[in-house]
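Some notes on the structure that comes next.
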Amino acid sequence: MKRPQPGQDAGFSLVEALVGMVIGAIVIAAAYSLWLTHQQESFLLGKKIDVHNDLTLASKRLQGSVTLAGLGLGGAANLSMSDAGGSDTLILFLNSQEKRTTLLMDAPTSLASIQVDDPAPFTNAAYVAISNAGHGEIRRIVNISGSTIHMDTTFSVAYPMAGSMVYPAARERYFSSQDSAQFIHEVGGEERIVARHLKDFQVSFVDEDGALTGIPADVRSVRFSLTGIYPAKEGALNSMILSSTAIPRNML
């Protein structure tokens, strides 16, 4: 076997080759670990940004709906809320086509029905609103017979034929689905997903003095908060809250 002469390249020994392979493997493993960490961080950041965008979209949708609440209803109390297992539900009414009619006779508190001059606007309406002299109410329509609209309950006050206006009303609801973590906008009984990964929705009504109120007719602004959730590392914060205030423009 010919041995390499002095000054000639003798190549690598087995030990040197193994050491080189080990060092190379360590470098590759470190690079892969760094790449994987970067990918995970990018994934988590992307999910956080998605949730923030969803909360922003939901907030804008709420702002628009609250602003239009009561449109075409003559100032009838058109906002309410309910607490469903910790997450609130916002309920609002409007008459987007701004149709209206008058009473054929006085509407007493003893009857859960009213007679109107023109029942046509109520053909596809689920609710009826009435207003007179700074007071208004909304009731669910049970059925319509000729010019008579039958309601689920009576009005709290009597409404005289003179000066009273009657309007068809549509109901909208905003609520958070606890099971699916989705924020839902319900219109005419049809549910539409506004945002995902939203676990809590809180609403409060504020009067003209800035105090909280539970009286729909006294509402002058609506405060709400939306809580979104996103994947995060163990022990890290995995939720964000977006709060805002909306002003209903169609109150008395």
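Listing for the model above:
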quantity	calculated
S244 being within 26 Å of G136 (Cα to Cα) and assigned to a strand (DSSP E or B)	no
Elements of type strands (runs of 3 or more DSSP E) contained in region 47-138, each with 1 or more residues being over 30 Å from S239 (Cα atoms) and either at pLDDT below 90 or in contact with a Gly (Cβ under 8 Å, 6 or more places away or on another chain) (or both)	87-94, 127-132
Residues that are in a loop (DSSP other than H, G, I, E, B) and either under 23 Å from A129 (Cβ atoms) or within 21 Å of the chain's Cα centre (by Cα) (or both), drawn from region 208-230	E208, T213, G214, I215, V219, R220, Y230
Selection within region 230-252 - of a type in the set (A, V, I, L, M), surrounded by fewer than 17 Cβ atoms within 10 Å (Cβ to Cβ), over 19 Å from D83 (Cα atoms) and touching a strand residue (DSSP E or B) at 6+ places or on another chain (Cβ under 9 Å)	A232, M240, I247, L252
Pick from region 107-156, criterion surrounded by 20 or more Cβ atoms within 10 Å (Cβ to Cβ) and hydroxyl-bearing (S, T, Y), ranking: farthest from the chain's Cα centre (by Cα)	S131
Residues that are of a type outside the set (D, E, K, R) and either buried (at least 19 other Cβ atoms within 10 Å of the Cβ) or free of Cβ contacts under 8 Å to residues at least 24 places away in the same chain (or both), drawn from region 171-188	Y174, F175, S176, S177, S180, Q182, F183, I184, H185, V187
Residues (under 19 Å from S65 (Cα atoms) and in a loop (DSSP other than H, G, I, E, B)) located in region 163-207	G188, G189, D207
Cβ-Cβ under 8 Å pairs, at least 6 apart or on other chains, region 53-75 side touching a residue at least 12 places away in the same chain (Cβ under 8 Å) and closer than 28 Å to M165 by Cα, far side among the hydrophobic types (A, V, I, L, M, F, W, C) and surrounded by fewer than 18 Cβ atoms within 10 Å (Cβ to Cβ)	V66/I247; T67/I247; G75/L252
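The values are calculated or read from the model by the stated rules, or taken from the named source; none is laboratory data. The structure displayed is predicted, hence computed values, not measured ones. All Cβ positions, even for glycine, are placed from backbone atoms using ideal geometry, and neighbour counts span all protein chains on display.
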